[in-house]
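In what follows, a structure is listed as structure tokens, so that the remarks can point back to it.
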Amino acid sequence: MGFMALASELCSAIKDHHSERKKMKKKHFQVVEIKVKMDCEGCERRVRQSVEGMKGVSKVEVEPKKHKLTVTGYVDPKKVLQRVRYRTGKVAEPWPYVPYDMVYHPYVQGAYDKKAPAGYVRNVVADPTLAPLARATSTEEAYSAAFSDDNPNACTVM
């Protein structure tokens, strides 16, 4: 009976180890946006083919005018970025821009980028050194809320 108990305990330990590995490897559905410089149709094709064969990828969008690659699926962002760099030999970085509507002061030094696509500015909200410059102060928010269409008690001067 001692040998059977030992064998049973060993099998259950192996089973628990495999179930823990499966839990750790489960990836979430997400959208990964990457900035890659693309000059021609050949570059666009090479960037697209670099990630199409990846496991878990369900959709690949390439926007050559914005130099943007969007990968949708059950993927790891770091692995997608590494694969694009390795397969294309190009400099790739996570998408650093947000729509200019998301930043209160889009023309502050550090937020405005001449190389950004039209309608986009750098994501300075995440940068601790530039965030105070790009955020609105409480008085600015109070004034803008006073004339907002979302505020039922707003002032309607017209």
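Mind checking which residues of the range 71-105 are farther than 22 Å from GLY56 by Cβ and open to solvent by 50 Å² or more (accessible area, probe 1.4 Å)?
Result: GLY89, VAL91, PRO99, TYR100, ASP101, MET102, TYR104, HIS105.
Looking only at the range 40-70, filter to residues that are polar (S, T, N, Q) and more than 24 Å from LYS26 (Cβ to Cβ); which one of those is most open to solvent (accessible area, probe 1.4 Å)? Write out each step before concluding.
The first filter runs over the range 40-70 and keeps only residues polar (S, T, N, Q), leaving 49-50, 58, 70.
Subset that is more than 24 Å from LYS26 (Cβ to Cβ): 49-50.
On the way: GLN49: 111, SER50: 3 Å².
Restricting to residues being polar (S, T, N, Q) and more than 24 Å from LYS26 (Cβ to Cβ), the top hit is GLN49.
Among (1) in a helix (DSSP H, G or I); (2) modelled with pLDDT of 90 or more, there is one condition LYS90 misses while meeting the rest; what is its number?
(1)
Determine whether ASP149 is among the acidic types (Asp, Glu), at pLDDT 65 or above and exposed (fewer than 12 other Cβ atoms within 10 Å of the Cβ).
It is true that ASP149 is among the acidic types (Asp, Glu), at pLDDT 65 or above and exposed (fewer than 12 other Cβ atoms within 10 Å of the Cβ).
From LYS59, LYS68, LYS90, LYS79, which residue is without any contact (Cβ under 8 Å) to a residue 60 or more places away in the chain, out of contact with any helix residue (DSSP H, G or I) (no Cβ under 8 Å at 6 or more places or on another chain) and under 20 Å from LYS37 (Cβ atoms)?
LYS68
Based on this model, can you work out whether LYS78 counts as assigned to a loop (DSSP other than H, G, I, E, B) and either modelled with pLDDT of 90 or more or touching an Asp or Glu at 6+ places or on another chain (Cβ under 7 Å) (or both)?
Judged against the criteria, LYS78 is not a match.
The values are calculated or read from the model by the stated rules, or taken from the named source; none is laboratory data. Since this is a predicted model, take the numbers as computed values, not measurements. Here the Cβ is made from the backbone with ideal geometry for all residues, glycine too, and neighbour counts use every protein chain on show. SASA here: full protein model, heavy atoms, side chains in, ligands and nucleic acids out. Shrake-Rupley method; radii C 1.70, N 1.55, O 1.52, S 1.80 Å.
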